[in-house]
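Novice: Here it is: the structure, laid out below.
The values are calculated or read from the model by the stated rules, or taken from the named source; none is laboratory data. Given the structure is predicted, the values throughout are model-derived calculations rather than measurements. Here the Cβ is made from the backbone with ideal geometry for all residues, glycine too, and neighbour counts use every protein chain on show.
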Amino acid sequence: MTFKKIKPGFVLIDLDGTLIDSVPDLAYCVDEMMKQIDMPVRGVDAVRNWVGNGVETLTERALVNAVKGTPDKDLMAKAYPIFLELYKHNNSQRSCVYDGVKEGIKWMTDNGYRVGCVTNKAEAFTVPLLKDKGLFDLFEVVVSGDTCAKKKPDPMPLLHAAKLMGVSPDNALMLGDSRSDVTAARAAGFNIFCMSYGYNHGEDIQNYNPDVVMDSFLELPNYLESK
């Protein structure tokens, strides 16, 4: 089936698993945290299946060694500050921008598209990471996990960004990688494109029926109108 190209009024882009592979830093912090509380390390592969819902949820998943579950409150109270301190100092050392991201964003801006970033990562971690990787200045707005009262999969962060940019949600596009992004985009009235390489708790993102699945940002000209 041929996809009819669209021309959204603006494009919001997820961070972890879409713009940047941040798992190496997150996994390092998880494992160092686990060592400090005398529990087994979890490793990169496990962490890759757990990210996407903020670092508090990631810490909970590491403690219970599963996507779902609630750790002991005292254990969480001990572990979470350790993780935060580790991640404050290990936010971008091992993470990398995915191939094609900068070129894809440049193509969009060259063709008149306005772009923003919306993530579940807290602002204290989002802004330094984007700046360290040379991405921060590419975005007109950045909505972090603690900008609004709710995070994705709730549509609130997307609708907040739409309001900031003065664009109707029904003429907007979200670029993401997870079920959370699809759910938020659908609820907000956005179109949703997803990356095949991101973090979706081990599930194929095709299962959640985004409008488009791409292997690279370099494919954007196939689906968005040019000038």
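Novice: Any residue that is crowded, with 20+ Cβ neighbours inside 10 Å, in the same structural domain as residue 170 (by TED's automatic domain parsing) and touching a residue at least 12 places away in the same chain (Cβ under 8 Å) - is there at least one of those in region 105-112?
Specialist: Within region 105-112, one or more residues are crowded, with 20+ Cβ neighbours inside 10 Å, in the same structural domain as residue 170 (by TED's automatic domain parsing) and touching a residue at least 12 places away in the same chain (Cβ under 8 Å).
Novice: Right, here's the next one. Quick one: would you say residue 11 is of a type in the set (Val, Ile, Thr) and in contact with a helix residue (DSSP H, G or I) (Cβ under 9 Å, 6 or more places away or on another chain)? First the steps, then the outcome.
Specialist: Details: of a type in the set (Val, Ile, Thr): yes; in contact with a helix residue (DSSP H, G or I) (Cβ under 9 Å, 6 or more places away or on another chain): yes.
In short, yes.
Novice: So is residue 41 part of a strand (DSSP E or B) and aliphatic (A, V, I, L, M) or not?
Specialist: no
Novice: Let me ask something else about it. Restricting attention to region 19-38, does a residue exist that is among the basic types (Lys, Arg), more than 16 Å from the chain's Cα centre (by Cα) and either under 21 Å from residue 144 (Cα atoms) or not in a helix (DSSP H, G or I) (or both)? Break it down stepwise before answering.
Specialist: To start, the set of residues in region 19-38 that are among the basic types (Lys, Arg) comprises 35.
Right, trim to more than 16 Å from the chain's Cα centre (by Cα) and you get 35.
So of that shortlist, the ones also either under 21 Å from residue 144 (Cα atoms) or not in a helix (DSSP H, G or I) (or both) come out as none.
No, every residue in region 19-38 fails to be among the basic types (Lys, Arg), more than 16 Å from the chain's Cα centre (by Cα) and either under 21 Å from residue 144 (Cα atoms) or not in a helix (DSSP H, G or I) (or both).
Novice: Just the residues that are under 30 Å from residue 173 (Cβ atoms), of a type in the set (A, V, I, L, M, F, W, C) and crowded, with 24+ Cβ neighbours inside 10 Å, please, taken from region 16-46.
Specialist: 19, 26
Novice: Would you check which residues across region 50-73 are surrounded by 17 or more Cβ atoms within 10 Å (Cβ to Cβ) and farther than 19 Å from residue 85 by Cα and list them?
Specialist: Passing the criteria: 50, 52, 71.
Novice: All but one of (1) surrounded by 19 or more Cβ atoms within 10 Å (Cβ to Cβ); (2) under 19 Å from residue 102 (Cα atoms); (3) free of Cβ contacts under 8 Å to residues at least 40 places away in the same chain hold for residue 128; which doesn't?
Specialist: Tallying (1) surrounded by 19 or more Cβ atoms within 10 Å (Cβ to Cβ); (2) under 19 Å from residue 102 (Cα atoms); (3) free of Cβ contacts under 8 Å to residues at least 40 places away in the same chain, residue 128 fails exactly one: (1).
Novice: Now a separate question. In a helix (DSSP H, G or I), under 21 Å from residue 16 (Cα atoms), within 17 Å of the chain's Cα centre (by Cα) and of a type in the set (Asp, Glu): which single residue out of 56, 85 fits that description?
Specialist: 56
Novice: Run residue 123 past the list (1) buried (at least 16 other Cβ atoms within 10 Å of the Cβ); (2) closer than 21 Å to residue 181 by Cα and report the number of the one that doesn't hold.
Specialist: The one condition residue 123 does not meet is (1).
Novice: From the list 177, 154, exactly one residue is within 24 Å of residue 49 (Cβ to Cβ), of a type in the set (D, E, K, R) and crowded, with 24+ Cβ neighbours inside 10 Å. Which is it?
Specialist: Numbers: 154 fails: crowded, with 24+ Cβ neighbours inside 10 Å.
Sole residue among the options that is within 24 Å of residue 49 (Cβ to Cβ), of a type in the set (D, E, K, R) and crowded, with 24+ Cβ neighbours inside 10 Å: 177.
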